[in-house]
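The structure under discussion appears below in the form of structure tokens.
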Amino acid sequence: MLSMLRRPWSGISPGHSFRPVAARLRWPVFALGAALATGDASAITGVCPDGSVFIVQRSADIPCSNARRVESSQVPPMRPENLPRPFLWEVHREKQNENNPYNLVERAERVRSGLAQGGASGAPGGAALEAAREPGSGAALPQVASAPPTTPAAPPAPRKPDLGLTDGDLRDLFYLVELSQQSAPATFVEEAAGAESMRVSFAHSAAFEQRLRGAAAVEGTVVLFSVQPKQPQRFQPNFTFVQGQTAFRPQPGRSQEMDVLVGPIGGQLTPETLVLGYAVLPSSIDASRPVDLYWDDRRIAVTFRP
């Protein structure tokens, strides 16, 4: 058996040397690796209007017109609607995150610069403290061996706009939200044990929008929402409106973003508890075009003014 394993490959004489063949193959393999490395370094990535992604080496090889070139690390997901959170909202949230290392680079440079200036002027720490402060944020580096911070007084609750709505007006707004579902459906249906447990519906009312504009300095489209629980259910108005490059998440309790007219702003609801509220969309969202509306991880596509 060992002798058979030592036999040369068929068609090659026993005295044939493999060294010249290896020498001849070494250069093509090296050239191919160099070509691949060069190709990867100069690769062009982008997205076509039909949503397909391309990776080519030359501009002439781009398979579509009006392509959008993007860096390979910034290619958007192929099916963003299948993500648990809206892609644009996650990009916006990460960009605003003060703990994002990308955002810490500039702040760290200001700290280093401030420490250097403080050491030169004989006031160590003072310049660094100011350098670390974000414009308008009031946040600073923690002080060592300082007195315990005093608890600031809670800011007064913002005054709700006086809309002068009667019980009849509120009842009409409830009906308006329900009737609007026939022409502009925008409803989340929550189920429990195979039965409907809560319904959250949205609608646009030009009359209510005009009334709110007259009582508060708001811009953009105003949409109403109603919450109707069929059984005890917990509700939080974690709504996100996404259109194009805009991802807007209104903050509950801020009358210029989101507030309630009837019922609690959130919490445990019972079948006897009804909620009627409103949200003010930014001017960059066109209510006559489709909007992706998210409630936590649920999503619907709506057009408030079809």
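Miscellaneous remarks
- Unique match (being in contact with a Gly (Cβ under 8 Å, 6 or more places away or on another chain), among the aromatic types (F, W, Y) and surrounded by 19 or more Cβ atoms within 10 Å (Cβ to Cβ)) among F202, F208, F188, F225: F225
- Search result, residues across the range 274-295 that are crowded, with 19+ Cβ neighbours inside 10 Å, under 15 Å from P250 (Cα atoms) and of a type in the set (G, A, S): G277, A279
- Tabulated pairs, the range 269-282, first under 10 Å from D259 (Cα atoms), second of a type in the set (V, I, T) and open to solvent by 10 Å² or more (accessible area, probe 1.4 Å), C-beta under 6 angstrom, 6+ apart or interchain: L276/V262; G277/V260; V280/V218
- Boolean, V218 is within 24 Å of E190 (Cα to Cα) and aliphatic (A, V, I, L, M): no
The values are calculated or read from the model by the stated rules, or taken from the named source; none is laboratory data. Since we're looking at a predicted model, the values are computed, not measured. Reconstructed Cβ throughout: ideal geometry from the backbone, glycine too, with neighbour counts over all protein chains shown. Areas reflect the complete protein model, heavy atoms only, side chains present, ligands, DNA and RNA absent. Shrake-Rupley method; radii C 1.70, N 1.55, O 1.52, S 1.80 Å.
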